[in-house]
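Where a number appears in this text, it was derived from the coordinates with a stated rule and is not lab data. Note that the structure is a prediction, hence the values are computed from the model and not measured. In this analysis, Cβ positions are derived from the backbone assuming ideal geometry, glycine residues included, and neighbour counts consider all displayed protein chains.
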Amino acid sequence: MTKKIIAFGASNSSTSINKRLATYASTLFKNTEVEILDLNNYEMPIFSVDKEANGFPKEAQKFLDKIQEADLLVVSMAEHNGNYTTAFKNILDWTSRINGKVFQGKKMLLMATSPGARGGKSVLEISKDRFPRHDADLVGTFSLPSFYENFDSVNGIINIDLKNELLEIIKEIDF
């Protein structure tokens with residue numbers, strides 16, 4: 001039976017390096033169907049309780065429905081000032097008001113990358129702490145530092161040690 005992976009970079013950038021990393025990582029799993037989400041397809045008003053009083057945007061439910069379809073989530077967190085991007089945080093805010101268990105018990109490979117040497121480690125730590133509270137089953141975490149030095153569009157991760165680290169994590173994930 002083919003398993004389904006839902007993957008996304010937690011950014012709305014049209015050139016998101018985190019979307020590229022999530023897409024690449026999802027291709028490393030065998031016998032899977034992969035769907036890559038684009039956060040731009042889930043754009044909503046900025047969350048507030050005042051706006052919530054008028055109901056929920058349909059995009060919030062559509063995002064939750066996509067999460068429900070997954071056997072595994074492959075998520076790579078973009079870092080803005082050490083935290084989530086506004087685009088991702090807004091989706092999380094809206095969806096968590098519909099269902100506090102946003103990730104619905106799904107297994108998740110949680111990653112981050114950035115152009116810098118820390119590889120998005122600040123947002124990765126925040127996410128590792130927060131996502132289990134929204135019912136994510138974290139089965140692996142990975143940080144790719146210095147994206148432009150360690151990744152190319154043809155070969156993916158080109159630093160052999162980092163590539164092997166990710167391959168080991170993937171090998172251990174049972175879903």
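Which is out of contact with any Lys or Arg (no Cβ under 6 Å at 6 or more places or on another chain), closer than 17 Å to Phe8 by Cα and either without any contact (Cβ under 8 Å) to a residue 12 or more places away in the chain or of a type in the set (D, E, K, R) (or both), of Lys171, Lys163, Lys128?
From the options Lys171, Lys163, Lys128, the qualifying one is Lys128.
Can you list the helices (runs of 4 or more DSSP H) found entirely within region 13-91 that contain at least 3 residues being small (Gly, Ala, Ser)?
It comes to 17-27.
Give the residues of region 125-174 that are outside any helix (DSSP H, G or I), under 13 Å from Leu28 (Cβ atoms) and not aliphatic (A, V, I, L, M), sorted by residue number.
Once the filter is applied, which keeps residues that are outside any helix (DSSP H, G or I), under 13 Å from Leu28 (Cβ atoms) and not aliphatic (A, V, I, L, M), region 125-174 yields Gly140, Phe142, Asn155, Gly156.
Restricted to region 6-36, and to residues that are buried (at least 22 other Cβ atoms within 10 Å of the Cβ) and among the hydrophobic types (A, V, I, L, M, F, W, C), which residue is nearest to Ala78 (Cα to Cα)?
Among those residues, the one meeting the criterion is Ala10.
For Ala25, are the conditions met, namely being in contact with a helix residue (DSSP H, G or I) (Cβ under 6 Å, 6 or more places away or on another chain) and among the hydrophobic types (A, V, I, L, M, F, W, C)?
Judged against the criteria, Ala25 is not a match.
Does Ser122 meet the test of being under 14 Å from the mean Cα position of the chain (by Cα), in a helix (DSSP H, G or I) and among the small types (Gly, Ala, Ser)?
no
Only one of these is charged (D, E, K, R) and farther than 23 Å from Ile46 by Cβ: Glu59, Glu79, Glu149. Name it.
Glu149
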